[in-house]
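The structure appears below as structure tokens.
The values are calculated or read from the model by the stated rules, or taken from the named source; none is laboratory data. None of these values were measured; they are calculated from a predicted model. When we count neighbours, we look across all protein chains shown, and the Cβ atoms used for this are built from the backbone with ideal geometry, even at glycine. When the accessible area is computed, the model is the full protein with side chains, heavy atoms only, and any ligands, DNA or RNA have been set aside. Shrake-Rupley method; radii C 1.70, N 1.55, O 1.52, S 1.80 Å.
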Amino acid sequence: MKTRSIGDWNRQWRWIPPLLWLVAMTAMPVARAAEDALVMGVFPRLNAGETTTRYAPMADYLSERLGRKVSLVTSKDFQSFWQGIQEQRYDIVLCNQYHYIRAAKTDRVIGHNKEFGKDTLAGVLYVRKDSGITSLAQLRGRTVLFGGGEDAMIGYIAPVYMMLQAGLKKEDFKSQFAVNPLNSVIGVYRRQADAAGSGDMVMGQSAVANTVNFDELTTLAVSEQLLHLPWVVKRTMPAKLRESIQSALVDLENSEAGRKVLKSAVLTGIGKAEDKDYDPHRKMVRAVFGTTLVPQ
């Protein structure tokens, strides 16, 4: 049996500390990735409590699929939500189409909502049948109640775009704002305004159906169909992680567990999306706000 000299042992042990250091350094990014939570933000169409109820299962599902904690954060209002996007607080975010257009330099779209079996929606202008209003031109000098603020793609931007296309200017009508597209329709039904800027899915909402007699309202104008609310991630996110998140979201409708998550969020699915899918939205935004893409 061959014995090792003291010199042999010394040479062997000299390699062990560097080897241990290499192993430790290789493992650190993996450990750090597992420890760092991904932050998921959601467009505040609902109050914080309802948003949590609907989307907490989504965060849990993504955590399980990714093997990494996904933390849901809510915003008290649209302003604080947009501030979160500007400050890059969210790794994953469900936002409205206008938010994405403004944030496209720092965020990448990976998916879009499917709601009530549709992956698109349109802006609509509603009036009462007894109003005598039968054309967009007749909204000159009238009050229009828009659903949401000036950053509402479907409740404000799309309806205003249709009015501008009909030859009206913003100063030709008086703009008022309801909390959301549902309330704008309810407001017009109650004669609080002459027309409502809203969306084509509003009439199917129980909150409206329980309050409004649809027979007393009519559709004045409908925009082109626009791809639904986008899911986006930071552009700095590694491609492998981005692709894993996209795959997890798109796969939701293909399993019983995933369909439960969708049901909780009141969605019927999430489809893939890319930047060019939002070019029709950009056309409207530029027409309404100009090249700055923001209200003037």
Practice task
Those residues that are over 23 Å from Leu241 (Cβ atoms), open to solvent by less than 20 Å² (accessible area, probe 1.4 Å) and outside any strand (DSSP E or B), I need them from the range 82-132; list them, please.
Solution key: Asn96, Gln97, Tyr98, Ile101, Ala122
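Can you confirm whether the range 281-296 contains a residue that is among the hydroxyl-bearing types (Ser, Thr, Tyr) and either in contact with a helix residue (DSSP H, G or I) (Cβ under 6 Å, 6 or more places away or on another chain) or surrounded by 14 or more Cβ atoms within 10 Å (Cβ to Cβ) (or both)? Give the derivation first.
Here is the first cut: in the range 281-296, the residues among the hydroxyl-bearing types (Ser, Thr, Tyr) are 291-292.
So of that shortlist, the ones also either in contact with a helix residue (DSSP H, G or I) (Cβ under 6 Å, 6 or more places away or on another chain) or surrounded by 14 or more Cβ atoms within 10 Å (Cβ to Cβ) (or both) come out as none.
No, because not a single residue in the range 281-296 is among the hydroxyl-bearing types (Ser, Thr, Tyr) and either in contact with a helix residue (DSSP H, G or I) (Cβ under 6 Å, 6 or more places away or on another chain) or surrounded by 14 or more Cβ atoms within 10 Å (Cβ to Cβ) (or both).
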Handout entry: Elements of type helices (runs of 4 or more DSSP H) contained in the range 174-262, each with 1 or more residues being exposed (fewer than 15 other Cβ atoms within 10 Å of the Cβ)
Key = 206-209, 239-250
Practice task
State which residue pairs qualify: first residue charged (D, E, K, R) and inside the range 68-92, second residue open to solvent by less than 60 Å² (accessible area, probe 1.4 Å) and modelled with pLDDT of 95 or more in any location, beta carbons under 6 Å apart, and separation of 6 or more residues or different chains.
Solution key: Lys69/Ser63; Asp91/Leu38; Asp91/Val39; Asp91/Lys234
Problem - Considering residues of the range 55-66 that are in contact with a helix residue (DSSP H, G or I) (Cβ under 7 Å, 6 or more places away or on another chain) and open to solvent by less than 60 Å² (accessible area, probe 1.4 Å) only, the residue nearest to Gly41 (Cα to Cα) - result: Met58
Handout entry: Subset of the range 225-256 (residues that are out of contact with any Leu (no Cβ under 7 Å at 6 or more places or on another chain) and under 16 Å from Arg54 (Cβ atoms))
Key = Leu249
Fill in the blank from the handout: Given the conditions (1) over 20 Å from Cys95 (Cα atoms); (2) within 19 Å of the chain's Cα centre (by Cα), every one holds for Ala221 apart from (2)
Exercise for the section: Give me the pairs, please: first residue somewhere in the range 220-249 and more than 29 Å from Ala158 (Cβ to Cβ), second residue anywhere and of a type in the set (Gly, Ala, Ser) and modelled with pLDDT under 95, beta-carbon distance under 9 Å, and either six or more positions apart or on two chains. Expected result: Leu241/Ala33
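Would you pick out the residues in the range 258-296 that are of a type in the set (Asp, Glu) and without any contact (Cβ under 8 Å) to a residue 40 or more places away in the chain?
Asp279
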Practice task
Considering every residue within the range 285-295, establish whether at least one is within 19 Å of Val42 (Cβ to Cβ) and assigned to a helix (DSSP H, G or I).
Solution key: no
